[in-house]
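Asks: Just passing along the structure, written as structure tokens.
The values are calculated or read from the model by the stated rules, or taken from the named source; none is laboratory data. Predicted model only: the values in this text are computed from it and were never measured. With ideal geometry, Cβ positions are generated from the backbone for all residues, glycine too; neighbour counts draw on all protein chains shown. Side chains included, ligands, DNA and RNA excluded: accessible areas come from the protein's heavy atoms. Shrake-Rupley method; radii C 1.70, N 1.55, O 1.52, S 1.80 Å.
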Amino acid sequence: MLHQGFPETATAPAARVVGRLIATNAVDVGTRDELVDFLHHRRPRPAPARRRVRGDVVEAAIARSDTFDRIAEPATTIARQAHWTGCDINWGPLLSFAFPTPHVPDAPLSPAQRMFLHALTGNDQLWNPRNGSIALCFTRVGLPHDRKRCAQIATADGQEDAHAT
């Protein structure tokens, strides 16, 4: 099973949903048996250890920081190296922490927010317009999932960032 054109399997997330359906008795008995068989033959692969560890570190850093400014530099490093799949476990939570209230047009950014948003606009992995997961991460914090526009927002004088071209 593929998901949104992503060239790797989506079987693991599907298996979690199937497991939830079985655990909550949300399906009839005949369907339940087929789903149990599905799970037996398609055990989900564990997430890559590096992503899982980075997600744990991000979660701990956010929990122990009172402001984004305190973790802006390492967060920026993560943003530069992030893969789109990290929208749920690493760069996405950092984006939410950087923008605890949704950004409104023409609102000034803090230097830490600006630095982080510049790092995101410089990362080619995060700008596929067909990726709804990434778009949702940006929408939640009041930012457009538009590289050029985010680069403009991140630039103090409103000039286009070099990464947006």
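Asks: Name the single residue, out of those in region 28-71 being modelled with pLDDT under 75 and aliphatic (A, V, I, L, M), that is farthest from the chain's Cα centre (by Cα).
Replies: Ranking the qualifying residues of region 28-71, first place goes to V29.
Asks: Still on this model: Return the residue satisfying two criteria in turn: it lies in region 124-136 and is in contact (Cβ under 8 Å) with a residue 24 or more places away in the chain and open to solvent by 10 Å² or more (accessible area, probe 1.4 Å), and of such residues it is nearest to L95 (Cα to Cα).
Replies: Taking the candidates together, the pick is L136.
Asks: So is C150 in contact with a Gly (Cβ under 7 Å, 6 or more places away or on another chain), open to solvent by less than 40 Å² (accessible area, probe 1.4 Å) and either in a helix (DSSP H, G or I) or modelled with pLDDT of 95 or more (or both) or not?
Replies: When the stated conditions are applied, C150 does not pass them.
Asks: Further question on the same structure: So which residues in region 63-86 are over 19 Å from P111 (Cβ atoms) and open to solvent by 10 Å² or more (accessible area, probe 1.4 Å), if there are any at all?
Replies: Across region 63-86, the qualifying residues are A63, R64, Q81, H83, W84, T85.
Asks: Could you grab the pairs with beta carbons closer than 9 Å, sequence gap of 6+ or different chains, first residue in region 66-80 and within 18 Å of G55 (Cβ to Cβ), second one outside any loop (DSSP other than H, G, I, E, B) and charged (D, E, K, R)?
Replies: Taking only residues 6 or more apart or on different chains, the pairs are I71/R64; I78/R54.
Asks: In region 67-77, is there at least one residue being touching a Leu at 6+ places or on another chain (Cβ under 7 Å) and among the aromatic types (F, W, Y)?
Replies: Within region 67-77, none of the residues are touching a Leu at 6+ places or on another chain (Cβ under 7 Å) and among the aromatic types (F, W, Y).
Asks: Just the residues that are part of a helix (DSSP H, G or I) and hydrophobic (A, V, I, L, M, F, W, C), please, taken from region 129-147.
Replies: The answer is I134, A135, L136, C137, F138.
Asks: Please enumerate the residues belonging to region 18-27 that are modelled with pLDDT of 70 or more and surrounded by 10 or more Cβ atoms within 10 Å (Cβ to Cβ).
Replies: Those that are modelled with pLDDT of 70 or more and surrounded by 10 or more Cβ atoms within 10 Å (Cβ to Cβ): L21, A26, V27.
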